[in-house]
Amino acid sequence: MHEADQAQAAAEAGRVDELHAVVRAARRRVARAQRRLDYVRGWQARVTGVFEALPRLTKTGSRGKLELKEGPGREARAVWLIADFCARMQAERAARGVSGRGRPPQHPLVVGVMAIAADPAAGRRSMEGLGWTALYAGVTTRTVSSSRAYSASVGATVEVERGRTCSLAEREETGLRRRRSVWDFEPLHTSPFDPEPFLGAAAAVVARLLERAVQLVDERQAVLEEQRAAVAAAEARLLDAQATVAERRREVLLLEAELDETRAGEAAVAAREARALRSRATLAVAPRLCAPVPATVAADRAVQAERDRATATVAAAYDAATRMDSFFHPPRSGLGKRFSSASRGLTQSLGFSPLRAGSTPVAGGRRPDGRGAEHNGGASRPSPTKRVSGRTSPQRPRMPEGQGCGSPAVSARSATMLWAKPLARGLAARWEFLARFLDDAADGRRTAREVARERGLRLMMIASTLGSRLSRYWTVGEVVRLVQDHGLAHRFGPRHVIAAGDAHSPLTYLATVLDRALTSDAAVVPQPSPVRAAWIAEQAAANAAAIAAVRQQRDAAAAGRAAGYAVEQQGPGTARAAAFAAARAARGPAPRPYVPPVDDPARLAAAAAELAVHRGAGPAEDDAVAWPAPAQPGGGVPYGRKEPGAR
């Protein structure tokens, strides 16, 4: 083998080793992404269990009366723990004279994660990590630390073990690097506050945590799909390199087999291995296209069904929070307030008894949210409600649709915003120009409330742009891949979305790249899209119009030919031509003339002699005389002697 060929073969073998290392690293990333997906799925299952353990409240009768059909389960203690913390927080804020208006605090979300992570039997041993708590609650780690300290300051939790770094002996024994902090909740029967007025708010916290868990599952699933795609691409490159090496080895063995027949068998085996590796490399380029269609459709339907169930569970959680707020949050009734049988059953089912009326500064006095005509806890103006109706017991609670005309309308949650806002947050985390668009909400605004309002408005604008073009089945990874593959403005440029500052209107740019990607002929749109459906309908209409135009031209040409033929038929001699045609049709085809066979030998000989004269030959009396004599061997000119006149 030539030295250049040997160097190239060595380089190809080295590339195979490098690709082996790349594939191993990609598989480790896939395993890490799968573990994180399992973590968030376990958390989603735990939050779903808390929601399913809530008391069942059904609406019966023409006036929407709520009745308790089933008491809370064992996992529902987390809701009562959150409600107890909300009662303590409300009392502490009222003691400090803090107004209830403005941006709501994030403490209930963090305490909600701690309560769900605790033992549901007694509310102890809550040891969810700092990073995971921040991830589940959707806040920063600093917010988690401050919320834990605040919950301990109001007496809702107690830190029994502080997190620390493990010693060398502990690392060798347990394999852990750090010990997590452990928190215990105060027993509910020893709390001086009534949690029932805050059960609706606690259920709303659980609904928000469930929505966040569904969003985290979608994001982790998208990351896992990206890592699996990276592994498939790396394996495809590895198989291609291995196939190249096998083909080079086959060529070498074939050359050696031509010189040595004993290497023919080895060359045949190398040829089979090269063909097999090349076939595997070809299939690895597009595994989904090569996969069976029923299996692919079944997998897609299973993923879609799981998303539908998660979305329905989130909507049911918000509805349950609304019903619990209506059932357990009656209007103020002063110091003579009594507990209903339903409330008494709920409290006794969790192992603590209701307190005496007036023993809590929140439930015994005015309403914790400041409803009614009184001053709203330090606010600058009274509540917009101008009148207070009569006493409403929990047996016939006040419903949102039954409020008076002076009450603020309860805004319904948009089904589109329910999935579009989490998708917008995920895209803002992936694309810098959307993140900068949200961060610019602080420009020109002084207070945090104005910044939060502007940021929410901008997030809603992004969600509206996505909601009019996508559907609730899309994930962040699918949108990013579709835009990067088919929605970029520069066809041969870098494969990334524009950097920060390059777009004058991020919303217009987002709409443009989405429309371009969704209306691309080469794009494979994985989920339903109204833009894609409209584009397909337009393409079908255009094709139908083109086919109709071709048919119309063909019909017009046929009509023109028919008209020309009719004009020709109406000219002079039409009747005569028609009569001759009718006569020919009646007579049928003309018979062939009969030629009798010739049997006279004298006549045949005379005809042959005449034919020979016409051809320039003599009389053909005998066939042997007519044909010339063939040349015989040795009858030619001797070697070296030229014929006369030859050159």
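The values are calculated or read from the model by the stated rules, or taken from the named source; none is laboratory data. Please read these numbers as outputs of a predicted model, since none were measured by experiment. Cβ sites come from the backbone with ideal geometry, for glycine too, and all protein chains shown count toward neighbours. Quick note on the areas: whole protein, heavy atoms, side chains included, nothing else; ligands and nucleic acids left out. Shrake-Rupley method; radii C 1.70, N 1.55, O 1.52, S 1.80 Å.
Some points to look at:
- Across region 428-444, coupling constants 3J(HN,Hα) worked out from phi with the 6.51/-1.76/1.60 Karplus curve, θ = phi - 60°, read 5, 6, 9, 10, 6, 5, 6, 5, 5, 5, 6, 5, 6, 5, 7, 6, x Hz, and Gly and Pro carry x.
- Prolate/oblate/rounded call for region 169-228, Cα gyration tensor, a/c under 1.5 rounded: oblate
- Remark: region 67-224 carries 44 Å² of accessible area per residue (probe radius 1.4 Å; ligands, DNA and RNA excluded).
- For region 202-263, with +1 on Lys and Arg beta carbons and -1 on Asp and Glu, the positive-most of Gln227, Leu259, Gln215 along the dipole: Gln215
- Computed in the context of the full set of protein chains, the accessible area of region 106-183 at 1.4 Å probe radius has 50% of its extent on carbon or sulfur.
- Listed residues Leu488, Leu255 arranged by accessible area, highest first, probe 1.4 Å: Leu255, Leu488
- Theoretical gain in end-to-end length, Arg179 to Ala415 [0.36 nm per residue, Cα-Cα removed]: 80.7 nm
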